[in-house]
Amino acid sequence: MLFNVLYLIILIASLVSFQVMNNSDLKNRWAFAPYLVKNQGEGHRVFSHIWIHVDIQHLLFNMLSLYFLGDLLVQEFMFEYGTLLGQIHFVVLYLLGGVFATVWPYLRNQDNPSYRAMGASGAVSAIVFAAIIWRPDIEMGLIFLPIYLPAYWFGLIYLAYEFWANKRGGTGIAHDAHIGGAILGIIYILVINFDKGKNFLNYILPN
């Protein structure tokens, strides 16, 4: 059976999250806290927050989303770049997505000592939008709703909602992190394979 790094990511995130759910001190030390990153040099939080989740529902939603879209993308990467390099690309994309997702929240909350965020949502968002650019012909939908749309329409609606929810506020969800992850996912594909960006435009624009 061919090793798939996606399953390793899901396993690590699940095991670490279960540990953190029962350890509030560890959760506080690993959560993304821009104020502490800025004023106490706790830069590890930019990375550590990717691996922890608030509760089972939070973990389940992120890991299921990662599994369904991530499996498609890692297979595409391996086909294009080979087994090893393809999986390295996938890991780098996932980690960069999670880290880049902290940029906007950091800029907005660096002087807010009460702000905390955690979860792989930004990293998963990077995977989702990388898949959209790579394969605009696939259909996407919400996990618990049997409604599917062309990938590019799903992406547009998703981003429109995230921008609206971010501006509205009050949801307790880091919508700005989701947007940051999505942007990184798009950029990453354009950097490693610019032709995919051209193909995406050719697919969605009328001839």
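Values in this text are rule-based calculations from the coordinates and carry no lab data. In this text the structure is predicted, and so the values were computed from the model without any measurement. So basically every Cβ, Gly included, is an ideal-geometry build from the backbone, and we count neighbours across all protein chains shown.
Values computed for the structure shown
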| read-out | value |
| --- | --- |
| Separation of the Leu205 and Val103 label points, Cα + 7 Å toward Cβ, nm | 2.5 nm |
| Projected area, mean over directions - the chain, Cα convex hull, nm² | 12.6 nm² |
| Estimated FRET transfer efficiency when R0 is 25 angstrom, pair Val91-Ile147 (beta carbons, to 0.05) | 0.20 |
| R0 of 25 Å, Cβ-Cβ distance Phe68-Arg168: FRET efficiency to nearest 0.05 | 0.35 |
| Cα-Cα P(r), segment 127-207, percent of pairs per 5 Å interval | 3, 15, 22, 23, 19, 12, 5, 1, 0 |
| Asn28-Ser114 pseudo-label distance in nm [points 7 Å out on the Cα-to-Cβ vector] | 1.6 nm |
| Stokes-Einstein D (µm²/s) once Rh is taken as the Kirkwood radius of segment 16-68 over alpha-carbon pairs, at 10 °C in 1.306 mPa s | 136 µm²/s |
| Debye, to nearest 20: dipole size of the chain, +1 on Lys, Arg Cβ, -1 on Asp, Glu Cβ | 460 debye |
| Phi to ³J(HN,Hα) by Karplus 6.51 cos²θ - 1.76 cosθ + 1.60 over segment 23-33, Hz, x for Gly, Pro | 9, 5, 5, 5, 4, 5, 7, 9, 5, 6, 9 |
| For segment 61-157, with +1 on Lys and Arg beta carbons and -1 on Asp and Glu, the positive-most of Val99, Gln75, Ile138 along the dipole | Val99 |
| Relative contact order for segment 5-204, counting Cα pairs under 8 Å that sit 6 or more residues apart, in percent | 23 percent |
| The chain: calculated mean residue ellipticity at 222 nm from DSSP helix runs of at least 4, using -39500 (n - 2.57) | -22500 deg cm²/dmol |
| Over segment 83-191: Kirkwood hydrodynamic radius from C-alpha pairwise inverse distances, Å | 14.5 Å |
| Ranked packing of 53-59, 95-101, 122-128, most packed first, by mean Cβ within 10 Å | 122-128, 95-101, 53-59 |
| Protection proxy ranking of 176-182, 113-119 - average other beta-carbon atoms within 10 Å, highest first | 176-182, 113-119 |
